[in-house]
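The values are calculated or read from the model by the stated rules, or taken from the named source; none is laboratory data. These numbers were taken from a predicted model, which means no experiment stands behind them. FYI the Cβ positions are ideal-geometry reconstructions off the backbone, even for glycines, and counts take in every protein chain you see.
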Amino acid sequence: MPETASWRLLLDHIRPHRATLLLGGVLSLLGSAAGLAMPLLAKTVVDAFGEGSSLVGPVLGLTAAVLAGAAIGALGSYVLERMGEGVVFAARRNLVERMLRLRVSEVDRLRPGDLMSRVTSDTTLLRSVFTNGLVETVSSLFVLVGAMVMMAVIDGALLLMTLGVLVLVGAVVSLIMPRIQRASLQAQTAVGEMGAVLDRTLQAFRTVKASGAEDREIAAVGEAAREARDRGIAVAWLTAVSGVSAWVSAQLAFVAVLGVGGARVASGSLEVSALIAFLLYLFYLVAPVGQLVQGFTEVQNGLAAVRRIREVEELPGEVAGTTGHLAGGAPAGVVFEGVAFRYGDDRPAVHDSVSFEVAAGGLTALVGPSGAGKSTVFALIERFYDHQAGTIAIDGRDIREWPLAGLRACLGYVEQDAPVLDGTLRENLVFAAPDATETGIARVLERTRLEDLVARLPEGLDTRVGHRGVMLSGGERQRVAIARALLRGPRLLLLDEATSQLDAVNESRLREVVAEVAKETTVLVIAHRLSTVTGADRIVVMEAGRVRAVGTHDELLAGDPLYRELAATQFLLPT
């Protein structure tokens, strides 16, 4: 990304806070202006002392300048820090909103740890850009120019000598700044990589333990952390070099001024008070020079951060849909006609001219061997992915024409490994239906046989279930996910192996629940265990991305060899 484009992105974050930035900047400049008066006021104190006149007025003036500068500077700092927090908040909110509206295909391609790093670490760097970067740079330049003007008034020859030394630091900094930006981008990327590795380890924590892979994961995370450390050290080294250059130049200037100025005082061509004032201004230059270097560094870090933030913002989002509205609560019918789909241009086809119909109401099952494309059917109905050819229609209209939020509002979806969110049982149940009533919750609990679980939990529905529902059994987690989908009142319920983690008793009960729900709405279920769908109104048999047969259990036993083979392996053939 060109440097000018990075600056435009950075300015986009500034624009909503222009007024606050201006106020903070003005206060900082006023504080700096008060500081610029201090060396001259100190000169008046020295002159008064040398002349034997009263010191009260000069001392009071100097004290007032010190207090005023400190108070105004502190207020300016507070305004800028507050604005910086606002910038970070807005950046995080916008970035999270953008991430949640990304296409599922993009999120599947990215790593959660790296995305988290962009939201947490990269946005934090924006604060420093505004508080320690831009404003400090402008304020430091103001102090630098102001101090030089005052030094020129005191003694132009000493100023020229000082500038000769300071030019050296400017040359060094101009060479180092581009390298700092590159190193900062690499460091932030390395932190994101470390977050991704750590996220993978934590997501598979029990598998890591059961596999005895702790040492290997420690090594993997350690290697990522080492890379982040090395990149951070590179940034620290470059920053230190630039900082030391500023400090050394200031010290050299001080030594030169002290030597030459002292000689001129001894010869009588320069007053002692003038030399003291000049040296105070020189000391006053040390901080601005260092702040300039630090400000340039912060800006380079911010430019690198804004590039990583922009990478997420430029990812394609979901297309909301164009026209139409979904009808009320009547069961929805679904038609696949000649649907073709692949997960990438360089990937094999998952669906190849898939055609079948799910009638409104009743229970329809998708069966077939692994890799047949069954779960992809659900991903396409939910529009997590868009098919490349053919038509998928609900209520006779292409789903790409429905408003996306409206489409998903009529669907209930239970994944194969449905997540239970960290929070209370109630929060999980109403996640998709925040306005659900107590009556509705009670009805769904009864239908999914969760009343006993609620009665057993110490705080009932308000009991926390732990990260990923760790306090619940596998079957309980699956039933909670089904209850969550039913509470939404879907017109079409999608169950992806919803009974896979249930014991025989609970599977039988849940099969009864699904049969009851199918009397009120359309249920489409993916099943590997044929015993759960033998009573389905229709069964669609898929193989290698195609539909090979449709019928009832008995019809398929008689007419489809693959279905008969699947039934035989599960001991479902009639005797």
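Laid out as a table, the results:
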read-out	value
In region 15-60, residue surrounded by the fewest Cβ atoms within 10 Å (Cβ to Cβ) [restricted to those that are hydroxyl-bearing (Ser, Thr, Tyr) and farther than 21 Å from Ala74 by Cβ]	Ser54
Condition check for Leu62: part of a helix (DSSP H, G or I) and in contact (Cβ under 8 Å) with a residue 40 or more places away in the chain	no
Wholly within region 408-490, helices (runs of 4 or more DSSP H) carrying at least 3 residues that are buried (at least 17 other Cβ atoms within 10 Å of the Cβ)	425-429, 438-447, 474-487
Residue within region 270-284 that is outside any helix (DSSP H, G or I) and not hydrophobic (A, V, I, L, M, F, W, C) present	yes
Hits in region 516-535 - residues which are part of a helix (DSSP H, G or I) and in contact with a strand residue (DSSP E or B) (Cβ under 7 Å, 6 or more places away or on another chain)	Val517, Ala518, Leu530
Number of positions in region 514-554 that are of a type in the set (A, V, I, L, M, F, W, C), surrounded by fewer than 19 Cβ atoms within 10 Å (Cβ to Cβ) and at pLDDT below 85	1
Every residue from region 297-312 that is among the basic types (Lys, Arg) and more than 14 Å from the chain's Cα centre (by Cα)	none
Matching entry among Gly329, Gly338, Gly333 (being surrounded by fewer than 22 Cβ atoms within 10 Å (Cβ to Cβ), over 24 Å from Asp108 (Cα atoms) and without any contact (Cβ under 8 Å) to a residue 60 or more places away in the chain)	Gly338
In region 493-513, residue farthest from Gly362 (Cα to Cα) [restricted to those that are modelled with pLDDT of 80 or more and in contact with a Gly (Cβ under 7 Å, 6 or more places away or on another chain)]	Leu494
Selection status of Asp47, in a helix (DSSP H, G or I), among the acidic types (Asp, Glu) and within 29 Å of Val191 (Cα to Cα)	no
Gly324 vs. criteria within 27 Å of Glu520 (Cβ to Cβ), outside the structural domain of Leu494 (by TED's automatic domain parsing) and either surrounded by fewer than 21 Cβ atoms within 10 Å (Cβ to Cβ) or at pLDDT below 90 (or both)	yes
Residue that is modelled with the lowest pLDDT, among those in region 21-55 that are within 43 Å of the chain's Cα centre (by Cα) and farther than 19 Å from Ala71 by Cβ	Leu21
